[in-house]
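**Student:** One structure follows; several queries about it will come next.
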Amino acid sequence: MKAESQVRSPHTRTALTVLGACLVLNVIGRGFAESYVVFLLPMERDLGWTRSEMTSVYSIYLLVNGLSSPIVGALFDRWGPRALYTCGMASLAGAYLLAPQVHTLWQFYATIGAMTGIAGASLGMVPSSSLISRWFRERLSTAISVAFAGFGLGALFIVPAAQYLLQSHGWRESYQIMGMTLLALVPLVFFLPWKRYAEGHPEYLNLKRSSAAPERDWTVRAAMGTRMFWGLVWVFFFTAMGMFTIMVQTVVYLVEQGFSPIVAATAFGFSSMLSVVGVLGTGAIADRIGPRRIVSLTFVGSIAGVAILLLMTWFPTPSLLVAFVLVFGICQGARGPIVSSISNRLFAGDHVAAIYGVIFACNAVGAGLGSLMAGLLHDLTDSYRPSFVFAVCALFIAGLPFWRVPELRDFRMRQPLRH
């Protein structure tokens, strides 16, 4: 399919609209969830909870996000995007409207943890990758990269905005304002022409209606019987574990190193902004040269970023902060669109969203365990250094499948999708 090359085609305009909608929903879903990093310190001071208790709320969000992803994928395959996206936006609004009213840890688990996790899965890349694959074929990795860029853009715009709200309103009122904003978006999401968006490009429809037998009728169970499936799971799980061991405490760590809260939040936001560049760049490069070399390079960059952060324990200088933002930021999230594109190409068919949902679930479980380990290691040692070492180890082993699993080692992004 060459939807992206037919600039004046109405199908191309629809394809770009679909891509834009997926991008915006990722901005909202991920950006609001990531705002927790600036709420962590004021809530810790106000409520008197330990660091591990505070990070456990974020861990619950990540775990629920992951565990609900296979269900979200199956619901998308069965019901389509309208009901899923509308319910996801309503769940996110409800979480932020209820959060100011609660006072116990389990209540925060239920709202900012579980409800936000369900919303993140419903608005995120599991449905988006399936929807995008119906409109873009030859440059699927590049298109998915654009949607993945919403993760970084969400943190870039929403995290600093949340910090400004906190400075003038406090955390409870800030949550209320954010919840009302999300509630206003629910009817807008509902009335988008999702039926048209879900149909796909005419070439996609022709493939679905073709009498030709599919190369293989992939199901979740069939996919789980392959090395390539577990290779993608391995990459996603350990990458997320390493990255979120760092990300959940970046703002707090920088504040404790002497930077102001707004500088720390802005640095986190700019790191996420650079992730947009990395995500788009790696997706486009992988389309041309294959994934192995570019994925390996991004792992080297992520490990170097953690090393810079560790160095700031002794030398908390602005120049090292800039270096961390540049190196860590440009590699942040860079593996996501590549794994998503490979999954969509290897396991194309009627169950593609459900299969990717299971893979993405392992990503979120790894992220949840990583953020939980960050809090536990800090409480046990009163230091961030063990967390940094743990993250480096996880990132080092995360890339091994691209060197050890033949189907991933020799994979080329331009091989056709199979229906």
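The values are calculated or read from the model by the stated rules, or taken from the named source; none is laboratory data. Treat the numbers as computed from the prediction; the structure is a model and nothing was measured. Cβ: placed from backbone, ideal geometry, glycine included. Neighbour counts: every protein chain shown.
**Student:** For the range 71-87, indicate whether the set of residues that are farther than 18 Å from Val24 by Cβ, modelled with pLDDT of 95 or more and in a helix (DSSP H, G or I) is non-empty.
**Tutor:** No, the range 71-87 contains no residue that is farther than 18 Å from Val24 by Cβ, modelled with pLDDT of 95 or more and in a helix (DSSP H, G or I).
**Student:** Shifting gears a bit: Of (1) in a helix (DSSP H, G or I); (2) in contact (Cβ under 8 Å) with a residue 24 or more places away in the chain; (3) surrounded by fewer than 16 Cβ atoms within 10 Å (Cβ to Cβ), Thr313 satisfies all except one. Which?
**Tutor:** With (1) in a helix (DSSP H, G or I); (2) in contact (Cβ under 8 Å) with a residue 24 or more places away in the chain; (3) surrounded by fewer than 16 Cβ atoms within 10 Å (Cβ to Cβ) applied to Thr313, the lone miss is (1).
**Student:** Here is a follow-up. Hey, can you tell me all the residues within the range 85-96 that are surrounded by fewer than 22 Cβ atoms within 10 Å (Cβ to Cβ) and of a type in the set (A, V, I, L, M, F, W, C)?
**Tutor:** Cys87, Ala90
**Student:** Give the residues of the range 93-139 that are assigned to a helix (DSSP H, G or I) and in contact with an Asp or Glu (Cβ under 8 Å, 6 or more places away or on another chain), sorted by residue number.
**Tutor:** Initially, the range 93-139 is screened for residues assigned to a helix (DSSP H, G or I), giving 93-101, 105-123, 125-133.
Correct list: Pro100, Leu105, Ser130.
**Student:** On to the next question. Can you pull out the residues in the range 240-297 that are touching an Asp or Glu at 6+ places or on another chain (Cβ under 9 Å) and basic (Lys, Arg)?
**Tutor:** Once the filter is applied, which keeps residues that are touching an Asp or Glu at 6+ places or on another chain (Cβ under 9 Å) and basic (Lys, Arg), the range 240-297 yields only Arg292.
**Student:** Can you pull out every residue in the range 119-160 that is under 21 Å from Pro70 (Cα atoms) and among the aromatic types (Phe, Trp, Tyr)?
**Tutor:** Scanning the range 119-160 gives Phe148, Phe151.
**Student:** Determine which member of the set Ser56, Ser129, Ser91 is closer than 21 Å to Leu188 by Cβ and not basic (Lys, Arg).
**Tutor:** Residue meeting the stated conditions: Ser91.
**Student:** Listed residues Val306, Val327; which is more than 16 Å from Ala143 (Cα to Cα), in a helix (DSSP H, G or I), without any contact (Cβ under 8 Å) to a residue 60 or more places away in the chain and over 18 Å from the mean Cα position of the chain (by Cα)? Lay out the reasoning, then the answer.
**Tutor:** Details: Val306 fails: without any contact (Cβ under 8 Å) to a residue 60 or more places away in the chain.
On inspection, the qualifying residue turns out to be Val327.
**Student:** Then there's this: Going through Val251, Val235, Val279, Val295 one at a time, which residue ends up being buried (at least 23 other Cβ atoms within 10 Å of the Cβ), among the β-branched types (Val, Ile, Thr) and modelled with pLDDT of 90 or more?
**Tutor:** The unique qualifying residue is Val235.
**Student:** Okay, moving on. Can you tell me which residue among Gly375, Gly349, Gly333, Gly368 is assigned to a loop (DSSP other than H, G, I, E, B) and surrounded by 24 or more Cβ atoms within 10 Å (Cβ to Cβ)?
**Tutor:** Gly333
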